[in-house]
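Only one structure is covered here, and it is reproduced in the block below.
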Amino acid sequence: MKFKTLAQVSAIAAITGLGLPAFAQQTVTWWDFFAGGDGVRMKALIDQFNAEHDDIEIEATTLEWGVPFYTKIRTSAAVGRGPDLMTYHLSRMPLGLSEGVLTPITAEDLEAGGIAEGDFFAGALDSAKGPDGQLYAVPFDIHSIVLYYNKSYLEGTRFLDDDGNLTGISSVADFEEALAAAKENGAESPVTYATGDDGGVFRVFYTLLSQQGGTLISDDGEVLPGDSAEKAVKAVEIMTKWHDEGWQPEQALYEASVALFTSGKSAFQLNGVWEVPTMNDLAANGDLGFEWGAVEIPQLMDSQTTWADSHAWAIPVQGDEAMDPDKRAAVMQVIGWMEKHAIQWADAGHIPAYKPVAESEEFKVMEPNATYSTLASKATYDPRSEVAGVASPAYDAAQNIISPAIHGYLSPEDAVAQMKGELESRMK
């Protein structure tokens with residue numbers, strides 16, 4: 001069924017002279033998990049939408065990121081007291097489907113929002129679908145880890161080109177040569193990432209595993225199938241070497257890992273695109289003290305890919321009740337408007353999942369986003385498993401098993417075996 005917008009209905013009534021009663025304004029109840037810079041930017045988008053629309057109003061609530069958010073979604077959907085629209089990580093799609101909290105999004109729904117499946121990058125769109133091929137969310141962005149670099153530690157090396165841009169890294173050996181050079185040039189911690197946190201460890205580990213063609217969890221639920229265990233061991237060995245050589249920080253929590261880079265003590269940072277605003281703000285205020293750049297994670301292993309996830313829009317189940325068609329049309333108009341205004345969200349470092357914005361001239365001159373935007377078509381998303389994705393057992397295993405291993409408390413082989421056993425036990 002196709003739904004006309006309230007504006008279209010009103011226009012038809014005016015043209016035909018029909019004396020239809022005025023429609024009540026649609027209120028869209030919205031839940032998100034955005035804090036910090038993301039939260040500021042999302043609030044600005046919501047305020048702009050509300051200012052531009054007389055027929056739809058967003059009433060937004062921001063909840064705590066991670067397990068608390070997804071727990072609240074599950075309980076509220078069961079009793080029909082959830083939002084009309086919510087943000088959702090595509091890496092948690094298997095969880096949402098298993099819990100039955102997501103409603104399918106049809107081609108007619110997309111049409112009501114003025115968008116279509118072909119408007120989105122294939123990797124993000126595929127991750128937004130269930131095993132049945134049905135769409136259950138609309139991707140909003142692609143956010144990945146990237147390689148930030150401090151140019152001062154690379155001066156005089158082969159790793160800066162004539163324009164001062166990073167170059168010459170196409171293998172682990174190249175990267176480690178750059179780390180050694182940075183150490184020689186005075187870097188306290190040549191590469192920084194959150195070595196003591198779940199997200200930082202998992203994203204680096206998963207990127208190194210994926211670049212070897214390894215699989216953490218197959219689509220049929222096998223953990224580290226085939227030779228993936230050996231490739232996982234190799235990934236842990238690399239991260240352990242970085243520790244043993246004194247190239248990465250000792251059990252750094254997230255904030256400390258970022259501070260090492262922003263304070264000029266690290267040559268490289270492996271972190272999410274969401275820290276781009278931090279760097280831009282510090283540079284703009286004259287508080288940074290060095291020139292920096294950010295690029296797609298180089299090809300260190302057999303192929304160039306990197307961990308990625310997407311924030312997306314989803315419409316939750318409302319208990320036993322179906323959403324009113326006019327309300328659903330209004331929700332889709334909100335989604336469509338947000339997608340078409342995603343350039344403002346890209347200011348937070350993200351890559352728009354909506355290709356008309358990602359391929360626009362405005363985005364092409366947005367730096368460093370445009371430089372690393374090539375990852376959108378090559379990124380590797382989290383496994384399609386209920387035990388993977390943000391705030392999941394896979395992340396817990398990275399913190400509780402992989403992190404101790406890279407600090408020398410477990411052998412890489414024992415760590416991978418324990419991780420495999422832990423994830424298998426969670427799937428029973």
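Among the GluC sites (Glu not before Pro) found in the stretch 50-150, those both in a DSSP coil and sparsely packed, with 14 or fewer other Cβ atoms within 10 Å of their Cβ, are GLU64.
In square angstrom, rounded to the nearest 10, how much accessible surface does PHE363 have for a 1.4 Å probe? Only protein atoms counted, so the area is about 0 Å². Computed with a 1.4 Å probe over protein heavy atoms only, the accessible area of PHE34 comes to about 10 Å². Between SER218 and ASP326, the C-beta separation translates, for a Förster distance of 51 Å, into a calculated FRET efficiency of about 0.75. Among the trypsin sites (Lys or Arg not before Pro) in the stretch 123-224, those placed in a DSSP loop whose Cβ has at most 16 other Cβ atoms within 10 Å are ARG158. Looking at the stretch 161-279, the accessible area is 36 square angstrom per residue; that uses a 1.4 Å probe and ignores ligands, DNA and RNA. With the helix formula -39500 (n - 2.57) applied to DSSP H stretches of n ≥ 4, the chain reaches a computed 222 nm mean residue ellipticity of -12000 deg cm²/dmol. Here the chain is assigned +1 on the Cβ of each Lys and Arg and -1 on the Cβ of each Asp and Glu. Its dipole about the Cα centre then comes out at about 580 debye.
Once both axes come from the Cα atoms, what is the angle between helix 6-16 and the longest principal axis of the chain, in degrees from 0 to 90, rounded to 10? Around 30 degrees separate the two axes.
Listed values for the stretch 235-251 are Karplus-derived 3J(HN,Hα) couplings in whole Hz (6.51 cos²θ - 1.76 cosθ + 1.60, θ = phi - 60°), namely 4, 5, 4, 5, 5, 5, 4, 4, 6, 4, 7, x, 8, 10, x, 7, 6, and x replaces Gly and Pro. Heavy-atom accessible area, probed at 1.4 angstrom with all protein chains present, ranks SER228, SER377 as SER377, SER228, highest first. Once both axes come from the Cα atoms, what is the angle between helix 172-184 and the longest principal axis of the chain, in degrees from 0 to 90, rounded to 10? That works out to roughly 70 degrees. Among the listed values (1) 24.3; (2) 21.7; (3) 36.2, the one computed from these coordinates for mean projected area of the Cα convex hull in nm² is (2).
For LEU160, the residues 5 or more places off, or on other chains, whose built amide H falls under 5 Å of its own are THR167. For THR29, neighbours were defined as the other residues whose beta-carbon sits under 9 Å from its Cβ, and their charges (Lys and Arg +1, Asp and Glu -1) total -2. Shape of the stretch 225-315 from its Cα gyration tensor (a ≥ b ≥ c, root eigenvalues): rounded if a/c is under 1.5, otherwise prolate when a/b > b/c, or oblate? Verdict is oblate for the stretch 225-315. Summing charges over neighbours of ILE58, with a neighbour being any other residue whose Cβ is under 10 Å away from its Cβ, gives -4 when K and R count +1 and D and E count -1. The label point for LYS355 and the one for ALA35, both projected 7 Å from the Cα toward the Cβ, are 3.6 nm apart.
Peptides 207-216, 314-323, 131-140, ordered by how many other C-beta atoms sit within 10 Å of their residues on average, highest first, read 207-216, 131-140, 314-323. Rounded to whole numbers, the Karplus 3J(HN,Hα) couplings from phi for the stretch 263-270 are 7, x, 9, 10, 7, 9, 9, 9 Hz, using 6.51 cos²θ - 1.76 cosθ + 1.60 with θ = phi - 60°, and x at Gly and Pro. Nearest 10 degrees is fine. How inclined is helix 67-79 to the longest principal axis of the chain, computing both from alpha carbons? Helix 67-79 sits roughly 20 degrees off the main axis of the chain. Taking the 1.4 Å solvent-accessible surface of the stretch 53-111 as the whole, the part contributed by carbon and sulfur is 50%. Between GLU424 and THR106, the FRET efficiency from the beta-carbon distance, with R0 = 30 Å, is close to 0.25. Net length available on complete extension from ASP161 to THR374 is 74.7 nm, with 0.36 nm assigned per residue and the Cα-Cα distance removed. Based on protein heavy atoms only, the stretch 286-428 ends up with 38 Å² per residue of surface accessible to a 1.4 Å probe.
Under the classification rounded if a/c is under 1.5, otherwise prolate if a/b is larger than b/c and oblate if not, where does the stretch 129-190 fall, given a ≥ b ≥ c as square roots of the Cα gyration tensor eigenvalues? Because a/c hits 1.5 or more and a/b exceeds b/c, the stretch 129-190 counts as prolate. Within the accessible area of the stretch 279-410, the carbon and sulfur atoms contribute 44%, probe 1.4 Å, all protein chains present. Solvent-accessible surface of the stretch 47-125, taken per residue with a 1.4 Å probe and all protein chains present: 43 Å². The amide H of ILE217, built 1.01 Å from its N in the peptide plane, has LEU224 as neighbours under 5 Å, considering only residues 5 or more places off or on other chains.
The values are calculated or read from the model by the stated rules, or taken from the named source; none is laboratory data. Keep in mind that this is a model prediction, so the values were computed, not measured. FYI the Cβ positions are ideal-geometry reconstructions off the backbone, even for glycines, and counts take in every protein chain you see. Note: accessible area is taken over every heavy atom of the protein model, side chains too, but ligands, DNA and RNA are not part of it. Shrake-Rupley method; radii C 1.70, N 1.55, O 1.52, S 1.80 Å.
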